[in-house]
Structure formats: structure tokens, C-alpha cells
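Report on the following structure.
The values are calculated or read from the model by the stated rules, or taken from the named source; none is laboratory data. This one's a predicted model, so the numbers in the text were calculated from it and none came from an experiment. With ideal geometry, Cβ positions are generated from the backbone for all residues, glycine too; neighbour counts draw on all protein chains shown. SASA here: full protein model, heavy atoms, side chains in, ligands and nucleic acids out. Shrake-Rupley method; radii C 1.70, N 1.55, O 1.52, S 1.80 Å.
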Amino acid sequence: MKKILVIDDAATVRMYYRQVLEAEGFAVEEAGNGYEGLEKALTEAFDLYIVDINMPKMDGYTLLRTIRQEPTICATPAIMISTEGQIQDANAAYAAGANLYFNKPVRPESLITTARLLTGEHRA
Amino acid sequence: MNAPVPLAITEEEFQKFRDFFYRKTGIHFEENKRYFVDKRLIDRILATNNTSFRNYFVMLRFETSGKELQQLINIMTVNETYFFREEYQFTCLVNSVLNEIVTRKRPSEPIRIWSLPSSSGEEPYSLAIYLLEYWPRVDDYAIELIASDIDTTMLEKARQGRYDQRSVAHLPPPLLRKYFTALYDGSYQINDDLRQSVDFTQVNLSDLAQMRAYRDFDVVFCRNLLIYFDDTSRRIAAETLFNALNPGGFICLGHSESMSRITPLFKVRKFPEAIIYQKPR
Amino acid sequence: MTLIKKHDATGDAPREFRHQSRDRAGLLCQLEADAPEQRRWAALDLAAFSDAADALCDRLEQETQTPVREAILTSLIQIGGNPVVCGLMPLLRSEDAALRNQVIEALQQLPEAVSPYIERMLADDDADYRIFAINVLANLRHPQAPAWLQDVIERDDNINACAAAVDGLAEIGTPEAIPALTALPERFADDPFMQFCTQTAIRRIQGHGA
Ligand SMILES: C[S@@+](CC[C@H](N)C(=O)[O-])C[C@H]1O[C@@H](n2cnc3c(N)ncnc32)[C@H](O)[C@@H]1O
């Protein structure tokens, strides 16, 4: 079973991604800010990170930059999902190390398709 | 007709409380702790003269003093200390952390370790025993062990070094025999060499002026104290701990405590035995 | 036994610059020093001077080092009051995500001082700015916070602003918010995410499954 770490400070957002992804057979863990996300990522192996931008203690960009420098986890794919809809936000996300960028709210179908693609979980 | 309706916590209320309490303290209650949590919550609801979980939660959530949250933390946690508590961190110290620290030390330079809060001394003495027993290079370096607490009664107890059975229960028996003398009343006296090897001082972690004097530490053990602080006090405490450390110095928190609820000042370092925080170099 | 006991528990003598003056003028000067460590100490010491708020906020805007930023914000929280809030609010528009979020956390620690500005922040033209104001509110120990969040879900046209408010209401909402929560998904073409959040918030407020 592929494991996904959802990192977002909004509890309802985490619960939503969890519900959508668990229904598709993914295992989901949660972290409430970037720093907690980094701790979990360093403690446990995941197949995908889903990362918000604006969070207390550590924002999503800083988190992704840190992950991309950590030898044990730097190759794990990451989707960044945020409320900030400008072109430069997507560019900043890619520069920080995101594999994909979405605006909120993300459609459940898009989340599922990209999660499958990025984790290599190809199912019918 | 005024027989009170018996209070009960619903599943949704439990989850709401659980999320809030986790965010504030890092303590996560599994579903099987439900009875334990509900019972204590109901005790507090009644003790504060509230009539429902809803009223109580509003009070807890909006109270500026943070007193009620502190009460809750007190009844939901184990406030006692004992030898070899959270031992994996000591293992991490001798297997990983110290070896990294000494790469930056000149041979004559001491390694400075601080246990804050040290309470009745179990933690700093555990450190001393661990270093002597398990760090192969202990003879190559001068090590300074400083232990501080706000409570002078605790410090006096620590200096005396006399412990009951419960405190030493986690010590391997050979170490208990080696470093302690069993007394007739069933307690254990720690030996003089160990008592001499730790320096006990009185310190209030929230007092910036007092903390200012404490500098140049390589490792600080600050376990099971910050969990009782409110957000602003934690923040100030984190600043003072940062100041007390050498660049590249390490800080160990208690197992449910995490810098992710306190400050971004420190780097996260993952060692085989534990997650430890580091002041950037 | 090699562990040694030294009678000076406190470490070596403080670094040279610590001997510099710690009066207000001296500290303000050190706040602009080249060495980050020196700026950090000045920022911490300036907590004792309530009229240093402006200088600290100005420094914060340019400061790039996390330890100095944190020290500045720690002192600003201790100083508190309206000048601090006025100095911090514009930084929510910063391009720097780390700074914005540090500022949000600091404002959350100043419920009384922040409260007179909330309505103005929630009426801002920039949706991102409104969302930051909502983030401040969601963790603010202020009795009016639930009512402000309810206002957002009744009035704001931005789906993400509303979703942020719903998330806050899931924790601090009162039964009065339920009608507004129930009506909300319709305003956003029954977006599945919005439906999920509002249902979750309603369940949490009622304290039992709907
Ligand atoms: C639960 S004990 C922790 C002891 C040990 N570190 C451990 O983990 O087992 C908490 C201690 O913190 C001390 N304490 C409380 N407030 C303090 C403060 N502001 N500064 C220093 N110590 C404090 C108390 O006196 C008490 O001994």
C-alpha cells in the first residue's frame, strides 16, 4: 500500500484529503505544519508528500527545500497545493522542489490521478 | 426534578478535544484511551462549574491565562521522574551526538551538558552513569555536567542523592549495585563520586536575565517542562535555550514534546535512536 | 571518574560585544550591526523598551536571518499594544512566505491589540490578505472570533477565504453558525471540498454525528 503524508495546518483539509485518498487504497498520515511534516518525513518512509504553502513554524517552500537536501528523502515526490493562485506561486513551488502544483480547492479526481501517477500506483 | 443529567463526552467532542490537545501539547490519545480521557475531562468540567463539554471547551479555548489547560495537562501526564527515563535519548547521546560534537573540540576543551529541569536529580545522574558506562571516549575528554531546576527543595533532594525503589526501578541491577548503596529503610544512596560529578544550580528557565549567564553548552536536556508552558513562555524559553547553546549544539526534548509546536530556530536531526534538535552552526 | 565539576556553572566569559551598552540608543544601534548574533541580542534586549516597536518592525522587514527574526518577534510579542500590531500588519503582504507566517503567529499572541483591526483586514481587496487575517482569527483567544468567522462565511466571495473560516469554526464555532454553514456550499456550486468541510464543522459544533 502506498503511503502519503499530508502536511497542512487546516484540520478539515487534512481530513478531506485523507477521506479521498483512503477510499482509493492509499494509507494517509497527517502533519499540522511544515516542521512537524519534516519530523514525520525523517522518521517514516512515504511515497508522496502533499504540502500546503502557508503554515506556522515552517512554510511549505522551506519544507520542500529542506526535504530536497535530505539524502534519505530527497527523491520522494511532492505535490504543492495552495490558495495562492498567481503564476509566480507555481514557479516558486517548482523552484522549491515540488513535482506538481495545484490551486485550492483541488478536485478529488485530480488529486487521485496525480497521486497514482506520482506514486507509480497504476490501476485501472 | 433537578437531578443533574449525567455528563458524557460524545465521539465528536472527544475528537475535537483530541485535535486541540494534540496541537497544544503533542500528546495524542488513541481510541483505547477514551475512558481515561473522558473521565478526566468530566472531572474538570465539574470542577470548573461547567454544565457541558461545549461550555467547558469554550472556556478552555479562549481563556487567556492558560490555567485550565495547565490543569488538564497535569492530570493527563505523568509528572514523576526516574532513572533512565526515555533512555533512547541517552543511547543517542553516546552513540551519535557526542561523537559529532568531539569532531569540533580541541582536546583540552570541556564538553558541557546541561540537564534543565533536573528535578530531584534522576536525569543528570542517569547521564553521568550513561557516559561512564557506555561512551568509550569518556576518558579522553573533560565533561561538565550542570543540573538546574527552579525548585530548591528538589535541588536539595538531588544533592543528597537518596532514592526510593520506584525511582531506580528502570536501572539494570548491576548498575544499581555499582553506583548505589542499599539502605536499611529500602531506599538507595547514590555514591559520592557521582554526587561530586554534577553541579546543581537554581534557575528559572523563563527568566531571561538569569538564563543569560548560562552559556557554551554542547547538549541541553530540556525534557518534560515546556509542555506545561503557554505559547509565549515556550517561545521565550526557546530563545534562552538557543542562546545557551554553542553553534552546532544539540537539544533533547521529552518524547511528546516537539520543536514543531515551539519554534523554527532549531534544525531537525534524525539519528538512528531519536530525533534531536540542533542549533545551526 | 573523569566527569569534572567546575564551580562556575555558567560558562566562559560573555563575548566582547555583550559589554557594549544596553541602553536604548546603544541597542538600537546594535540592531543594525553586521553580525547577526549581535542583532539578535539587541532585539531580545529591546523587549524592555516599549517605544522600540517601530525600530523592531522596520528591522524585521529587511531581516533575512531566522534567529534574528524570531528574536524580534519574541520581543514584539512582549511589548504588545497597537503600535506593534500596526507595524506587523503590512508584513502580511510580504513576498516571503516564512515571514508572513511568523507574523501571523505573532499576531495570534496579541488578541486585545489585534481586535480593533480585524474588521478592516477582513474587508481588504486582496483575498490572500483576507485569508491571512482569517488564519490569525482561527487561533486568537478573543471572544468575538467565532462571530468574525461567521461573518466571513456569510459575506466573502472567495472560496478559499470561506474554507479557512470554516476550518476555524470547526473548532470554535457555536450553534449560531450552523445555518450559515448549511447554506455555504450552495454559494460555491456545491464544490465537494466545501461540502465536506461544512459538514465536518457542523458535526463538530453539534458535538454529534449529523
Ligand atoms: C516533570 S519534571 C521533569 C524532570 C526531568 N527532566 C524528567 O524529564 O524526568 C518538571 C520539573 O520542572 C521544574 N520547573 C518548573 N518550572 C520551571 C522553570 N520555570 N524553570 C526551571 N524549572 C522549572 C519543576 O520544579 C520540576 O522539577
Next on the checklist: Which residue, C:Pro90, A:Ser110, B:Ile143, has the largest displacement toward the positive end of the dipole of the protein assembly as shown when charges sit on each Cβ (Lys, Arg +1; Asp, Glu -1)?
Outcome noted: B:Ile143
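Quick one: order B:Ile146, C:Ile79 from most to least accessible surface, probe 1.4 Å. Please report the intermediate quantities before stating the final value.
On the way: B:Ile146 5, C:Ile79 35 Å².
So, going from the largest accessible area down, we get C:Ile79, B:Ile146.
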Next on the checklist: Need one value: the accessible area of B:Arg54 in square angstrom, 1.4 angstrom probe, rounded to the nearest 10.
Outcome noted: 100 Å²
Item to check | Listed residues B:Val37, C:Pro146, C:Phe49: farthest to the positive end of the dipole of the protein assembly as shown (Cβ charges) | outcome: B:Val37
Next on the checklist: So if I place +1 on the C-beta of Lys and Arg and -1 on the C-beta of Asp and Glu, and nothing else carries charge, what would the dipole magnitude of the range C:114-210 be about its Cα centre? I want it in debye, nearest 20.
Outcome noted: 420 debye
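Express the accessible area of the protein assembly as shown per residue in Å², computed with a 1.4 Å probe while the remaining protein chains stay in the model. Walk me through the intermediate numbers first.
Values: 25570 Å² over 615 residues.
Here the per-residue accessible area is 42 Å².
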Checklist entry - Looking at the range C:135-161, which residues lose a minimum of 50 Å² of accessible area between their chain alone and all protein chains in place, measuring with a 1.4 Å probe and not counting ligands or nucleic acids? => result C:Arg141, C:Asn160
Checklist outcome for this item: the range B:60-110 and the range C:106-139 have their Cα centres apart by a whole-number Å value of 35 Å
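Helix-derived [θ] at 222 nm for chain B: sum -39500 (n - 2.57) over DSSP H runs of at least 4, divide by residue count, nearest 500? Could you put the intermediate results ahead of the total?
Numbers: 13 runs with 117 residues, N = 281.
Mean residue ellipticity, 222 nm, calculated: -12000 deg cm²/dmol.
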Checklist entry - Counting only other chains, what is the mean number of Cβ atoms within 10 angstrom of the Cβ of each residue in peptide A:103-111? => result 3
Next on the checklist: Looking only at the range B:87-278, where both bridge partners belong to it, what percent of the DSSP beta bridges are antiparallel (to the nearest 5)?
Outcome noted: 40 percent
Checklist outcome for this item: Projected onto the charge dipole of the range B:87-278 (unit charges on the beta-carbon of Lys, Arg, Asp and Glu, signs +1, +1, -1, -1), the Cα from B:Gln196, B:Tyr88, B:Leu132 with the largest positive-side position is that of B:Tyr88
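Could you tell me the total accessible area buried at the B-C interface, probe 1.4 Å, in square angstrom to the nearest hundred? Could you put the intermediate results ahead of the total?
Working: alone 14660 and 11920 Å², together 22080 Å².
Roughly 4500 Å².
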Checklist outcome for this item: Classified through the alpha carbon gyration tensor (a ≥ b ≥ c as square roots of its eigenvalues; rounded if a/c is under 1.5, else prolate when a/b is larger than b/c, else oblate), chain A comes out rounded
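Compute the Rg/Rh shape ratio of the range A:5-44: radius of gyration over Kirkwood radius, all on alpha-carbon atoms. Before the final figure, lay out each step's value.
Working: Rg = 10.1 Å, Rh = 10.2 Å.
Rounded to two decimals, Rg/Rh equals 0.98.
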Item to check | Cα-centre dipole for the protein assembly as shown with unit charges at Cβ (Lys and Arg positive, Asp and Glu negative), debye to 20 | outcome: 1260 debye
Next on the checklist: So if I place +1 on the C-beta of Lys and Arg and -1 on the C-beta of Asp and Glu, and nothing else carries charge, what would the dipole magnitude of the range B:11-76 be about its Cα centre? I want it in debye, nearest 20.
Outcome noted: 180 debye
Checklist entry - Is the shape of chain C rounded, prolate or oblate, going by the alpha carbon gyration tensor and its root eigenvalues a ≥ b ≥ c, with a/c under 1.5 for rounded and a/b larger than b/c for prolate? => result prolate
Checklist entry - Looking at the range B:174-211, which chymotrypsin sites (Phe, Trp or Tyr not before Pro) are DSSP coil and have at most 14 other C-beta atoms within 10 Å of their C-beta? => result B:Tyr184
Checklist entry - What lysines sit close enough to B:Lys67 to cross-link, taking a C-alpha to C-alpha distance under 21 Å and skipping anything fewer than 8 places away on the same chain? => result B:Lys16, B:Lys24, B:Lys39
Checklist outcome for this item: Heads up, the range C:114-210 by the C-alpha gyration tensor (a ≥ b ≥ c square roots of eigenvalues; a/c under 1.5 rounded, else a/b over b/c prolate, else oblate) looks oblate
Checklist entry - How much of the accessible area of chain B, probe 1.4 Å, is carbon plus sulfur, in whole percent? => result 52 percent
Checklist entry - When all protein chains stay in place, what accessible area (Å², nearest 10, 1.4 Å probe) is found for B:Phe62? => result 40 Å²
Item to check | Span from the the range A:13-27 Cα centroid across to the the range C:20-46 one, whole angstrom | outcome: 49 Å
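How crowded by other chains is B:260-272, given as the mean number of beta carbons from other chains within 10 Å of each beta carbon? If you can, show how the numbers build up before the last one.
Values: counts 13, 6, 2, 7, 16, 6, 3, 2, 10, 1, 8, 1, 0.
Mean partner shielding for this stretch: 6.
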Checklist outcome for this item: Percent antiparallel among DSSP beta bridges confined to the protein assembly as shown, rounded to 5, stands at 25 percent
